Each structure stands twice: as structure tokens, then as C-alpha cells.
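What follows is a set of notes on a single structure, which appears directly below.
The values are calculated or read from the model by the stated rules, or taken from the named source; none is laboratory data. These numbers were taken from a predicted model, which means no experiment stands behind them. Cβ coordinates were reconstructed from backbone atoms using ideal geometry, including for glycine residues, and neighbour counts include every protein chain displayed. These area figures cover heavy atoms from the full protein model, side chains too; ligands, DNA and RNA do not enter into them. Shrake-Rupley method; radii C 1.70, N 1.55, O 1.52, S 1.80 Å.
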Amino acid sequence: MSTPNGFPLHSGGCVTRSMEGGAVQDLHAKKAGKATKMEAGDNGPLTFDDLPRVGTSLNESLKLLPGELKANMKIKSITPRPPRKPRLERAASLDEKSWRRWRRFRTSQESLTDPNDTSSSNGSLQEASLSPPVRGRASHQCCQQNSLHSCSPDASEASPVCRSRGGPSDLGKRASEISSAFGGLLRGKAFAGGKPRLAQIMPARPLPPMELNVASHTLRTANRIDSDCVDYLHYSQHKFGRVSSSLSDTRLHGNGVVYDSCSTDSMKSTFSLLTPIRSKDVRSRSYLEGSLLASGALLGAEELSRYFPDRNIGIFVATWNMQGQKELPTNLDDFLLPTDPDYAQDMYVIGVQEGCPDRREWEIRLQETLGPHYVMLYSAAHGVLYMSVFIRRDLIWFCSEVEYATVTTRIVSQIKTKGALGICFTFFGTSFLFITSHFTSGDSKVNERKLDYNKTIQALTLPKNVPDTNPYRSSSSDVTTRFDEVFWFGDFNFRLNKDRETVDSILNQNPGTDVSKLLAYDQLTSEMSRGSIFKGFQEADIHFRPSYKFDIGKDSYDTTSKQRTPSYTDRVVFRSRYRDDIQAVKYSSCPGIKTSDHRPVFALFRVKVRPGRDNIPLAAGQFDRELYLIGIKRRITRELQKRREQKDQRSSSICSIS
């Protein structure tokens, strides 16, 4: 017989374990206040207080029965069997799949515990973990209600415990049921290592539905910088009703895959870290015209913030007078990739004066050194003046068309050794101008160098097709005013107004980087302070020794009969339309390259970039592909050769015993 709530009536009462001690208690005595005494033959009453405890054995429990029972009853070996598992109603909040998975898991746990027993009173703790723990008070109340119902007058005839008197056969059945009631607990204690295990208790409330969405929002937006990705799901649901309806991959629908919004999130994040692109944007955008604040513009604020959250890029600018030497340095790493900054720059601009005869070989060497992360955006030449612009391959799409112009300052000479070469382009919304120059040489020809400067700023016809980003601040007589950021570098040939002996004594007194005494005699510093040249330009602080003039292959200055005075002829200066847009990070020379009488000079900058418009002519990913392939092949060949040499050196080593 079972109670209305679906639990069967136990002959021995409802037995439970307290949350603290774990001892089996008789809840009838606590609830009713008095134990109902029942007669068992003529030898004495049998009460609920006489029920055996969990720690007692089966024989000890039988000792508690009257002597007549022992004499008249034929005792057999009893295999303790716990009460049958109550039939549980299916939770209304669980769907069919969850219920079946739960049933399979429970059945597997029962089979692992006891293959021959289907009861759950000795179920494992893993099985009980499927439902949340129920407090001790709730379990006590449940047992109290069951015990009161079992001892009610209506149920007294059916319950052997509530029966007033019975014969020997009834007492035998009762003893068997008592032993069966406690046998399960004793077995559970034996299997659990001394701790009795209770039957599974179903939760009082329905379990929450299982969450099928396994897409991680943190991982999905880890690489997100644009603001669209945050509300992409809500936007899509609002716009399209259901995100999955905008996708047409029938394989996901036909194979029975759980396909909802979480699948869409994983599709646009797990397979790629790129920003998702809406279909309507693919249909509508042409990237030929737009506005400054247009959503999704190629050169707009969203793309700029995606690549440069702080809107600053790193630029490497270098100048080197190669003296026309055919021999190139074996390694350019110290020149292009100095060890002081932890990271490489986003853009590399190298200007050369009196360049080597084979200009293509020089560009290949630059590509080989910078490696596969960089491509040559543009290169130009004016006689023996070379300039090469390398940029990270990810950024070539945000550059406008590249334009260049040249100026010759020495018309008499057929070989253009003196003059200027300018390259300009727009990156996002910031226009750049790079100029490399070779001014007139000579210690006393300061005015000629000023004329070279003035002719350059007037004769360079830039920009041509790319629009000026701020025409209201431009001047037709000065090319440097028509761009946001200007870098001018080269062999300016300004000298130190001091004799050789004095300069040598200062250098010997300060073998380190203290060159402030030398700069007091520098012609360019003096002219810039007067405003007669490089108006509006700045130069970073100099902490390196003069870059001219060295003996080729040595660290000593000119030891020939001319005894030229060491000077800072190679310089890098800069100017900006906006204050503090350019920050100089490093300004130094490369003493390791000794193939010329000049040392290369380089500078590292942090430059602020602004968003731009899409209505400018774009380079559309233009770069020198042939140069890229040749440079990478050279790089691989060099690495393989180096490994081969190391292997041969290890194999040819000979151990000698002295």
C-alpha cells in the first residue's frame, strides 16, 4: 500500500539520517510523544523503542523478539533487501531529451552499484547529486507524515506494525520485514565504507531547464574593438527576427544539429576573429565615397579603432649616405631592427643618398631583413637618391594612392647627386609627406644649403590627386604646410664650426653620449634657432657621436691628409599641423655598419592618426609582389644555409687528447 504522494508504507517506520551525526532515529517517538506499544505473544510487549539501531547486527535484532517466537519460528538465512524505489513523476520543466539522459545516467549508476538490485536506497552519491540537497527538516517532516499516515485507524489493518496482536506466522513475517527494512542500511554502510547512504530525494521545486547555449560571450568578443559586435545578436534578432534565418547553410538544418542563436555566435567567432559583416553592408558599400562619421567606412573611426585603439602608429625613419659603394652590409638587422624597442614599427621609411649602383638589390635586402610581415608600398629614385616605404601587410588597404615628386638643386651635373625626393600618401585620414635630401657640401657653404631648402619646399609639387586633408592651413609656397605630418631626412651637410683638434679633444673627454658641447658648434642647430631653415620643424635630442666622417671599415674618424672635422651631417627633422601629434621615441645612429664614411641615422616616432573619408583614391592593396617573393626566398635560403653550416661545424669537430 502506498501513500497519496507516491511513497510506499514501510513496516518499520520511516528511517532517516540527521545532517550532523548520521545516526538512525525513530521519528514516531518524537512526533507522537509516546510510543505505541504492541503485544507480541504473552511474554511482553514490543515497542518502537525496541527497534534495532543501525549499528546492531541481524542476530542482535532477533534477540529482541520474544522467546516464544524463537521457539515456534524456523529461522532461515535472510538476504536483506531494501524497500523498492518509489516511482517518480516526470518533472514538468524538463524536456524529453533531458529526462531520457537523466534516466540513462541513473540506470548506469545503479548497475555499477549493484547489478542484481534495482533499489535506490543504496544509491551512490553521484546519483544523489542529480538533484539539489534537501534540508534535514524537510526530510524529517516527510518521514513524520508517512509514519502518521501508516499508523492511522484506516491503515491499521493493512500495517503489521499497527496490528494489535498477531500469531507466530505473522510475527515471522514481521521479523522478516524488520530485517529487510534495516538490511539495506546495513548493506549501504558496508558498501560506502562505514557511512550509510539514503534514498534519492527529489527536489521540492521543478529543476530549471538545461541551458543549451555553449557559446562563450567572452571569447566571442575577446578580439572585438568595434562597437557593433556587442549588440550584434540583439540587432540581428530585432532586424531579422531570428539570427539563423539570415544564414543559408542547409547542412546545419539537415543533419539535426541544434541550431539557434548560439550556433550563429560560434560561427562568427570560432571560425574567425574578424569582425562580422552584415549582408546589407556587402550589398551597399563600394568604398568610393563616404563621410567622416559614416558607419562602417573603410577609413572611418571604426576601422581605425579596430587596428589602433589608441590611434597611434609607430614609424621608423632612417637616412644613410652609402657613398656609392657596391658592397652592401652583410646584415641590416642592427640598422632596421634595433634591440631597444620591444616591438617592430608599423611603417619603415628609408632614404639613401649616393646609393649603391644596384638599387633593386638594395630593396631586396630591405625586404629580406624586414621579413614576411612587411611589404614595400612604394619606392622612388631621383638619380642616386632612393626612398623606400615599407608597411605592415595588414595596413595596405588603408592607404591612398602614393605620389612622388623630385627637385634637382644642381642643374650643371648630369648625375643627380644633389636634390630632393618626396613621397606622399594618406593613411586613414592623416596625410604624410616624406622628403629625403642631399644638400650642398662644404664647411662654409651654409647659404647654399639654405637655398637648397627653399627651392625644395617651393618646387615639390605635392599632392597631385590625393586631396588635402586641411586646405585652409596650406600654403602654395611651402609644400610642408600641405600635409598633416612631415618627415624630412637626409645628408644636410651642416658641419661643426670648430677645428679638428678641438672636436677630437671633446670627443675624447666624453666617450659616452654627452655631446652637448659639440652641438654648441653645430650649424643646423644654430640656423634652426634663428628660423632661417626648416621653419616649424623640430629635432629630437642628439645623444650619439657625429655620423661623418669615418674611415671605411673602421671606427676612427678621417685619418687622411684632409683631416675633415667630424660633423652631424645626417639628420631627421619633423613637423606637424597639430600640436603633439608626433612624439620622438628614439634618435640614434648605427655604428655597426661601416661600409661607408657615413653612419646610418634613424629615428622612431609615435604618430597620431585620425579617421578619414572614403572619397579619396585608394591604393587598394598595392605593393611590390615580385620584390616580396624574392626577399622571402632569400630569407629562407639564408636560414637553411646557416643551419647547414652549424650542422657541418658540429660534425667536423675533432676531439684531441693532449
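So how far apart, in nm, are the two label points at ARG530 and ASP358 if each is 7 Å from Cα heading toward Cβ?
4.6
Roughly how many nanometres apart are two label points built 7 Å out from the Cα toward the Cβ at THR330 and ARG500?
3.1
Under 9 Å from the Cβ of THR319, count the other residues' Cβ atoms, weight Lys and Arg +1, Asp and Glu -1, and hand me the total.
-1
I'd like to compare 401-409, 350-358, 467-475: which one has the highest average count of other Cβ atoms within 10 Å, and what's the full order after that?
350-358, 401-409, 467-475
Using all C-alpha to C-alpha distances in the stretch 301-634, build P(r) with 20 Å bins and read off the rounded percent in each one.
That works out to 32, 60, 8, 0, in percent per bin.
Once Lys and Arg get +1 and Asp and Glu get -1 on their Cβ, which of GLN367, ALA619, LEU460 lies farthest toward the positive end of the dipole of the stretch 301-634?
LEU460
Where Rh is the Kirkwood radius over the Cα pairs of the stretch 293-429, the temperature 4 °C and the viscosity 1.567 mPa s, what D in µm²/s does Stokes-Einstein return?
78
Below 13 angstrom from the Cβ of SER516, what's the summed charge of the other residues (Lys, Arg +1; Asp, Glu -1)?
Residues close to SER516 contribute a combined charge of -1.
Is there a quick way to get the dipole size of the stretch 430-573? I mean about its Cα centre, with the Cβ of Lys and Arg at +1 and of Asp and Glu at -1; what is the value in debye to the nearest 20?
Charge dipole of the stretch 430-573: 360 debye, to the nearest 20.
For the pair ALA520 and ARG205, how long in nm is the line joining their label points, each one 7 Å along Cα→Cβ?
8.4
Among SER305, GLY531, TYR587, whose Cα lies farthest out toward the positive end of the dipole of the stretch 301-634, if unit charges sit on the beta carbon of Lys, Arg (+1) and Asp, Glu (-1)?
Of the options given, the answer is GLY531.
Work out, step by step, the length gained on full extension between SER476 and ARG625: first 0.36 nm times the residue separation, then minus their alpha carbon distance; give nm to one decimal.
Difference between extended and current length: 50.0 nm.
In whole Hz, what ³J(HN,Hα) sequence does the stretch 324-334 give by Karplus (6.51, -1.76, 1.60; θ = phi - 60°), x for Gly and Pro?
x, 6, 6, 6, 9, x, 5, 9, 10, 5, 5
Could you list which residues have their amide H under 5 Å from that of THR430, counting only those 5 or more apart in sequence or on another chain, with H placed in the peptide plane?
Residues meeting the criterion, in which the H sits 1.01 Å from N, are ARG610.
Please compute the length gained on full extension between LYS455 and PHE537, using 0.36 nm multiplied by the number of residues separating them and subtracting their Cα-Cα distance.
27.8 nm
Grab the other residues whose beta carbon is less than 15 angstrom from that of LYS464, score K and R as +1, D and E as -1, and report the net.
Here the charged neighbours net out to -2.
Distance from a point 7 Å along Cα→Cβ of PHE544 to each backbone N in the stretch 574-600: keep the residues under 17 Å and list them by number.
Residues 574, 584-600 fall inside that zone.
Let's see if you can work this out: charge +1 on each Lys and Arg Cβ, -1 on each Asp and Glu Cβ, no other charges. What is the dipole magnitude of the stretch 301-634 about its Cα centre, in debye to the nearest 20?
680
Give me the percent of the accessible area of the stretch 301-634 that comes from carbon and sulfur atoms, probe 1.4 Å, all protein chains in place.
C and S fraction of accessible area: 46 percent.
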